[in-house]
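Q: One structure, as structure tokens, below. Some questions next.
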Amino acid sequence: MINDLSTLRRCRIFSNLDPKELERVGFIMQEKTYGREQLIFGEEEAGQYMYVVKRGLVKVWKMTEDGREQILAVHGPGQSFGELALIDGKSTPASVSALQSTTIYSLSKSDFVGCIVNQRGIFMKIVESICEQLRESWRRLHALTMMDTEQKIMFVLSELGEKHGVKTRDGVLINMRLKHKDLANMVVASRETVTRFLSQFQKDGLIQVHDGQITLKQSLHVQ
């Protein structure tokens, strides 16, 4: 049971719930903290929980055929992952680890089935939100497959700005320390290639890099 529902209110999957419905969900959720780089669940594990990040950051990743880590997504406070576990409980297609000390709310499939499925109003709102997120994921995947490396870097930086950005007088600060290696793992490119493009973006006045953080000086339009 969690008492502070503010994080759940920010979570897209629960955004359509009214206060009473949100309280019902919060009543069956649990809280746990993970240390930096600690594995939350591994690829091909049976999915038994969905999660909401209360504090910190997590990365969704998998290993490529040549043994490289590919980061598929980064989730911060108010964002969720593992939602399909509530529906089918099948194995997961990727691993999730904490990028830093992270506190997470979890909802088990058994509690969801026992307490929510028979509440048709709540159930349908949650399922509709999951379906919309899946559509967006497919659109994102399709877009990325059509891009070259430079476009992928611009796309990912823009996406990170939307999800984790903080407006400052200099632009939109991506509120996380993003190593060139991490960005390379997101776009499946070499660290050297990413470094070269970031340097060019700085020269062009598109971004500013300081102390491991990137500020978007202007919108990055992918051609």
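The values are calculated or read from the model by the stated rules, or taken from the named source; none is laboratory data. Source: prediction; values computed, not measured. Neighbour counts run over all protein chains shown; Cβ positions are idealised from the backbone, glycine included. Accessible surface is based on the protein model in full, side chains and every heavy atom, while ligands, DNA and RNA are left aside. Shrake-Rupley method; radii C 1.70, N 1.55, O 1.52, S 1.80 Å.
Q: At 1.4 Å probe radius, can you tell me the per residue accessible area of the chain in Å²?
A: Accessible surface, normalised per residue, equals 55 Å².
Q: Could you work out the helix-only [θ] at 222 nm for the chain, with each DSSP H run of four or more residues adding -39,500 (n - 2.57) and the total divided by the number of residues, to the nearest 500 deg cm²/dmol?
A: Only helices count here, giving -11500 deg cm²/dmol.
Q: Roughly how large, in nm² to one decimal, is the mean projection of the convex hull of the alpha-carbon atoms in the range 1-131?
A: 7.5 nm²
Q: Okay, next question. May I ask for the Kirkwood hydrodynamic radius of the range 94-156, worked out over all distinct Cα pairs and given in angstroms to one decimal?
A: Over the range 94-156, the inverse of the mean reciprocal pair distance is 15.1 Å.
Q: Over the range 123-199, what is the relative contact order in percent, taking alpha-carbon pairs closer than 8 angstrom and at least six residues apart?
A: It rounds to 21 percent for the range 123-199.
Q: While we're on this one: Sorting check: for 161-170, 52-61, 108-117, which peptide has the highest mean count of neighbouring beta carbons within 10 Å, and how do the rest follow?
A: The peptides rank, most packed first, as 52-61, 108-117, 161-170.
Q: On a full-extension model of 0.36 nm per residue, what is the gain between L141 and V209, subtracting their alpha-carbon distance, rounded to one decimal in nm?
A: Here the segment from L141 to V209 would lengthen by 21.8 nm.
Q: So, one more: Could you tell me whether the range 61-106 comes out rounded, prolate or oblate from its Cα gyration tensor? Rule is a ≥ b ≥ c as square roots of the eigenvalues, rounded for a/c under 1.5, then prolate if a/b exceeds b/c, otherwise oblate.
A: Judged from the Cα gyration tensor, the range 61-106 comes out oblate (a/c at least 1.5, b/c at or above a/b).
Q: Something else: Of the heavy-atom accessible surface of the range 77-223 (probe 1.4 angstrom), what whole percent is carbon and sulfur?
A: 51 percent
Q: Find the relative contact order for the range 90-223 and round it to a whole percent, using C-alpha pairs within less than 8 Å whose residues are 6+ positions apart.
A: 20 percent
Q: Right, another one. How far, in nm, would the chain grow between E23 and R55 when pulled straight, counting 0.36 nm per residue and subtracting the alpha carbon separation?
A: 9.5 nm
Q: Which pairs in the list K54/K181; K32/K179; K90/K152; K54/K163; K32/K54 are over 19 Å apart, alpha-carbon to alpha-carbon?
A: Long pairs (Cα-Cα over 19 Å): K54/K181; K32/K179; K90/K152.
Q: What distance in nm separates the simple spin-label points at L39 and D66, each placed 7 Å from Cα in the Cβ direction?
A: According to this spin-label approximation, the distance is 2.4 nm.
Q: In whole Å, how far is the Cα centre of the range 26-84 from that of the range 123-184?
A: Spelled out, the Cα-based centre of one part sits 16 Å from the other.
Q: Under the Kirkwood approximation applied to all pairs of distinct alpha-carbon atoms, what is the hydrodynamic radius of the range 24-80 in Å?
A: 13.1 Å
Q: Next question, about the same structure. Taking only the alpha-carbon atoms of the chain, what semi-axes of the equivalent ellipsoid follow from 5 times the gyration tensor eigenvalues under a square root, in whole Å, largest first?
A: For the chain, the semi-axes come out at 33, 19, 16 Å.
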